[in-house]
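Bear in mind that the values in this text are calculations on the coordinates, not laboratory data. What you see is a predicted model, and the numbers here were worked out from it, not measured in a lab. Don't worry about glycine lacking a Cβ; one is built from the backbone with ideal geometry, like all the others, and counts go over all protein chains shown.
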Number of protein chains: 2
Amino acid sequence: MVRLKDIAARAGLTVMTVSRALRGTSEVSAATRERIRALAAEMGYVPDISARGLRTRNTGLLGVVIPTVIDPIHARMLLALEEQARAGDFDLLLAHTLQQPEIEEACIRRLLGRRIEGLFLLPVYRLAPEAPIYRELRQRGTKVVLVGHPAPFCQDFPSVAVEDLLASAAVTRHLLALGHRRIAFLAGSPTSPAARERLEGYRRALREAGMVADDRLVFNAGTEIEDGAHAALRMIDEGVRPTAIQAVNDLVAIGAANVLLSQGLRIPADISIAGFGNILTSEYFRVPLTTVRQPKYRLGLAAMELMQALLRGEKGESRRLPAELAIRESTAPPPALPPVGGGEAGSAAHS
Amino acid sequence: MVRLKDIAARAGLTVMTVSRALRGTSEVSAATRERIRALAAEMGYVPDISARGLRTRNTGLLGVVIPTVIDPIHARMLLALEEQARAGDFDLLLAHTLQQPEIEEACIRRLLGRRIEGLFLLPVYRLAPEAPIYRELRQRGTKVVLVGHPAPFCQDFPSVAVEDLLASAAVTRHLLALGHRRIAFLAGSPTSPAARERLEGYRRALREAGMVADDRLVFNAGTEIEDGAHAALRMIDEGVRPTAIQAVNDLVAIGAANVLLSQGLRIPADISIAGFGNILTSEYFRVPLTTVRQPKYRLGLAAMELMQALLRGEKGESRRLPAELAIRESTAPPPALPPVGGGEAGSAAHS
DNA sequence: TTGTAAGCGTTATCAG
DNA sequence: CTGATAACGCTTACAA
């Protein structure tokens with residue numbers, strides 16, 4: 001490894017002069033500056049950022065803690081983040097939590113040892129109102145940008161999140177506008193604020209339309225394709241026959257759609273399906289879905305902007321990004337006017 | 001930030017004693033060790049890894065340079081890598097190249113400044129036999145594990161890659177065994193060794209079956225869904241009517257499949273489709289595809305093993321990982337025995 | 001078992 | 001414009 005010292009020796013100058021010449025800072029005669037620069041290039045000098053950081057107290061490191069990079073939404077967000085980081089002359093340390101609190105804690109602790117200047121945190125959501133590592137981050141005054149919805153245990157960090165509630169309500173309103181009156185909802189995990197917001201958006205839209213949100217139309221699914229399939233089967237078992245289904249995400253929607261198609265139902269002729277878009281653009285799935293396009297890349301940009309503000313010592317304001325409804329041929333008016341009222345679960349209508 | 005010095009002051013001891021106590025190294029009285037430990041915990045001490053590294057000359061950092069983390073294959077590989085890295089007490093610096101040589105060079109240079117101990121490199125493939133930054137890596141003796149196929153400009157680095165040629169040949173043999181004699185190939189970018197291997201595997205299998213690989217059945221596609229669609233349209237335009245299609249990857253296959261389905265063809269009744277699996281398990285696409293399952297996670301593991309060997313100062317042996325053919329209902333015997341011989345492009349039969 | 005001195009590669013600071 | 005000195009937080013090497 002070539003060090004400043006080595007260049008200084010070759011140049012017959014002090015380390016300091018070389019350092020200054022290379023940084024272009026301070027006044028150094030143009031002549032020597034060029035000479036040093038050439039020499040450094042020739043010798044393949046690469047400054048040691050850690051050593052510099054030791055002295056200047058800035059490491060130029062940002063941490064990203066993410067459930068898993070396999071999630072396409074998160075991956076796109078990460079891409080944006082990394083591009084922005086490089087532009088701002090930061091390097092990115094990546095760590096996965098696999099949605100496990102212990103791993104999350106270990107990750108964060110390691111990153112703290114790296115003296116990261118800021119942390120992008122996609123939290124592992126828990127119901128508990130407190131989490132020790134989050135408390136520690138607060139005490140340390142670590143600059144944290146939460147990428148996701150705030151929850152009790154992480155409330156006081158500035159955050160960037162999608163307007164899930166509004167977007168979900170828009171989906172429901174879209175279905176209502178088409179004439180659907182019996183809309184089932186395949187819900188996600190109750191520990192996930194995003195999933196909860198989506199359920200709440202559905203309920204709010206129903207209420208605003210003067211209807212009663214019937215819980216017999218809400219099925220606990222999860223986040224995976226299988227979860228959607230199981231939920232759809234349960235729905236059929238229970239004799240519930242909605243004219244439309246709204247799912248907490250694309251995967252769940254696809255799982256449900258596959259089940260329905262295998263039952264001989266046609267989409268959207270017999271039943272409409274809508275939900276949030278998590279994978280690809282879902283246009284490439286041959287299951288017709290009307291989806292909410294999530295602003296993945298913009299989420300990354302917004303997160304970085306917030307971080308920049310924090311790094312400048314500002315307060316940093318949380319932001320909610322709108323999501324856009326991508327209406328496709330997957331949703332259509334209900335096949336026939338559903339019976340109004342009706343007592344049994346299957347025909348339980350909002351009204 | 002709490003430093004060793006601070007703990008030492010509070011404990012009435014030297015920095016050295018504290019350092020030793022915390023590391024558990026050397027002989028320190030069990031009593032003081034516990035006392036120091038407790039004190040450190042209470043004060044929230046986190047050792048500064050960079051400072052330590054400055055002294056010990058190991059940074060505990062590994063770099064990953066990747067086209068984009070959006071690619072599901074790469075994302076899974078990255079996940080494995082990160083998990084392994086953490087297990088080995090390394091942190092991971094992530095950088096994207098976006099497939100652009102200049103960005104790649106900039107990334108690598110930055111990582112060198114971080115004094116990474118090793119670099120996982122998913123190269124930006126170019127046809128040129130030399131690339132300056134690769135030469136520099138060689139000269140520096142940086143420990144590099146190539147994740148991908150070797151190419152002239154990066155030949156001398158140890159690598160981990162999938163047995164694309166063999167896997168591709170297996171696909172073709174599978175189609176041949178079903179009785180297909182007119183198999184089209186939708187090829188990828190010629191700069192990508194993996195794509196080239198896949199084309200070569202197809203050709204080899206045909207030759208081994210005593211057939212002539214007819215280039216009129218090979219269409220340049222690319223890597224995206226749209227590329228597959230365009231290639232399929234071109235194929236149809238040129239009047240080529242294969243009984244089976246083999247694609248360089250899943251996306252291309254899906255693009256082609258969508259076009260064929262929209263033309264009223266049924267899969268696999270009228271035409272069979274097979275290729276490499278890049279997205280999800282493609283089981284969830286309602287386009288029937290027989291695919292090659294790529295050992296994404298094992299690729300990550302193997303890369304890390306290779307890196308460990310390099311770090312131990314060993315030579316490090318390149319490895320090729322086999323890929324498994326996932327046969328599904330997407331491939332079936334050809335609808336009718338194709339005409340043997342035949343002069344025009346459309347019916348151009350092998351042998 | 002504990003302490004002292006020195007140094008890792010860089011830059012802040014003050015002096016010339 | 002350039003140099004000398006000290007320091008960032010930690011650990012190695014040697015001394016007590």
(message) Taking A:GLY44 in one copy and the same position in all the others, each labelled 7 Å out along Cα→Cβ, what are the pairwise distances from the first, in nm, shortest first?
(response) 4.3
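Per DSSP H run of at least 4 residues, take -39500 (n - 2.57); add these up for the protein assembly as shown, divide by its residues and hand me the 222 nm value, nearest 500 deg cm²/dmol. Don't skip to the end; give the middle numbers.
Numbers: 24 runs with 299 residues, N = 702.
Per the formula, -13500 deg cm²/dmol.
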(request) Could you work out the local net charge near B:GLU208, counting Lys and Arg as +1, Asp and Glu as -1, over the other residues with Cβ closer than 13 Å to its Cβ? (result) +3
(request) Report, in cubic angstrom per residue, the convex hull volume of the C-alpha atoms of the protein assembly as shown. (result) 194
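Roughly how crowded by other chains is peptide B:70-83, in terms of the mean Cβ count from those chains within 10 Å of each of its Cβ atoms? Can you show the working numbers first?
On the way: counts 7, 1, 6, 0, 2, 8, 3, 1, 7, 7, 0, 1, 7, 5.
Averaged over the peptide's residues, the number is 4.
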(message) Using Stokes-Einstein with the Kirkwood hydrodynamic radius over Cα pairs, what translational diffusion coefficient do you get for region A:76-208 at 37 °C and a viscosity of 0.692 mPa s, in µm²/s rounded to a whole number?
(response) 195
(message) With the alpha-carbon atoms as the only input, what is the per residue convex hull volume for chain B in Å³?
(response) 162
(message) Taking R0 as 35 Å, what FRET efficiency do you get between A:ALA326 and B:THR56 from their Cβ-Cβ distance, rounded to the nearest 0.05?
(response) 0.05
(request) Kindly give the distances from B:ALA11 to its copy-mates, label point to label point, with each label point 7 Å from Cα along Cα→Cβ, as nm values to one decimal ordered shortest first. (result) 4.2
(request) Give the distance, in whole Å, between the Cα centre of region A:220-268 and the Cα centre of region A:80-140. (result) 35
(request) Please give the net charge around A:LEU306, taking every other residue with its beta carbon less than 13 angstrom from that of A:LEU306, where Lys and Arg add +1 and Asp and Glu add -1. (result) +3
(request) Any chance you could list the semi-axes, whole Å, largest first, of the equivalent ellipsoid that the Cα gyration tensor gives for region A:7-101, using √(5λ)? (result) 39, 13, 11
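Contact order normalised by length for chain B, with contacts defined as Cα pairs under 8 Å and 6 or more residues apart; what percent is it?
Numbers: 668 pairs, mean separation 56.5, N = 351.
With pairs under 8 Å counted, the relative contact order is 16 percent.
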(request) Would you work out which of B:PHE157, B:ILE66, A:ALA257 lies farthest towards the positive end of the dipole of the protein assembly as shown, given +1 charges on the beta-carbon of Lys and Arg and -1 on that of Asp and Glu, about the Cα centre? (result) B:PHE157
(message) With a 10 Å cut-off between alpha carbons and a GNM built on chain A, which of A:ALA87, A:ALA269, A:ALA303 moves the most?
(response) A:ALA87
(request) Take region B:4-47, drop everything but the C-alpha atoms, weight them equally and run the Debye formula without solvent; then report log10 I(q)/I(0) at 0.20, 0.22, 0.23 Å⁻¹ to two decimals. (result) -0.49, -0.60, -0.66
(message) Among A:ALA85, A:ILE183, A:ILE327, which residue has its Cα furthest toward the positive end of the charge dipole of chain A, with +1 on Lys/Arg Cβ and -1 on Asp/Glu Cβ?
(response) A:ALA85
(request) Answer with one residue from B:SER19, B:ILE49, B:VAL145: the one whose Cα lies farthest towards the positive end of the charge dipole of chain B, charges on Cβ with Lys, Arg +1 and Asp, Glu -1. (result) B:SER19
(request) Evaluate the charge dipole of the protein assembly as shown about its Cα centre and quote only its size in Debye, nearest 20, assuming +1 on the Cβ of each Lys and Arg and -1 on the Cβ of each Asp and Glu. (result) 2360
(message) Report for the protein assembly as shown the percent antiparallel among DSSP-assigned beta bridges with both residues inside it, nearest 5.
(response) 10
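Tally the DSSP beta bridges in chain A and give the antiparallel ones as a percent, rounded to 5. Write down the numbers at each step before the final one.
On the way: 3 of 36 bridges.
The answer is about 10 percent antiparallel.
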(request) List the distances, in nm and shortest first, from the label point of A:GLU136 to the matching label points in every other copy, placing each point 7 Å from Cα along the Cα-to-Cβ direction. (result) 3.7
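So if I place +1 on the C-beta of Lys and Arg and -1 on the C-beta of Asp and Glu, and nothing else carries charge, what would the dipole magnitude of region B:22-166 be about its Cα centre? I want it in debye, nearest 20. Each step should come with its number before you reach the end.
On the way: 18 positive and 18 negative charges, 138 e Å.
So the dipole magnitude of region B:22-166 works out to roughly 660 debye.
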(request) Can you put A:TYR134, B:TYR202 in order of Cβ neighbours within 10 angstrom, beginning with the fewest? (result) A:TYR134, B:TYR202
(request) Report the residues of region B:148-170 in range of a label on B:GLU130: point 7 Å along Cα→C-beta, backbone N strictly under 16 Å from it. (result) B:152-156
(request) Taking the Cα centre of chain A as origin, sum charge times position over the Cβ atoms of Lys and Arg (+1) and Asp and Glu (-1), and report the length of that vector in debye to the nearest 20. (result) 1340
(message) If I take every Cα pair under 8 Å that is 6 or more residues apart in region B:4-47, average their sequence separation and divide by the length, what percent do I get for the relative contact order?
(response) 37
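Relative contact order of region B:59-157: what whole-number percent is it, with Cα pairs under 8 angstrom and at least 6 residues apart? Each step should come with its number before you reach the end.
Details: 143 pairs, mean separation 31.6, N = 99.
Value for region B:59-157: 32 percent.
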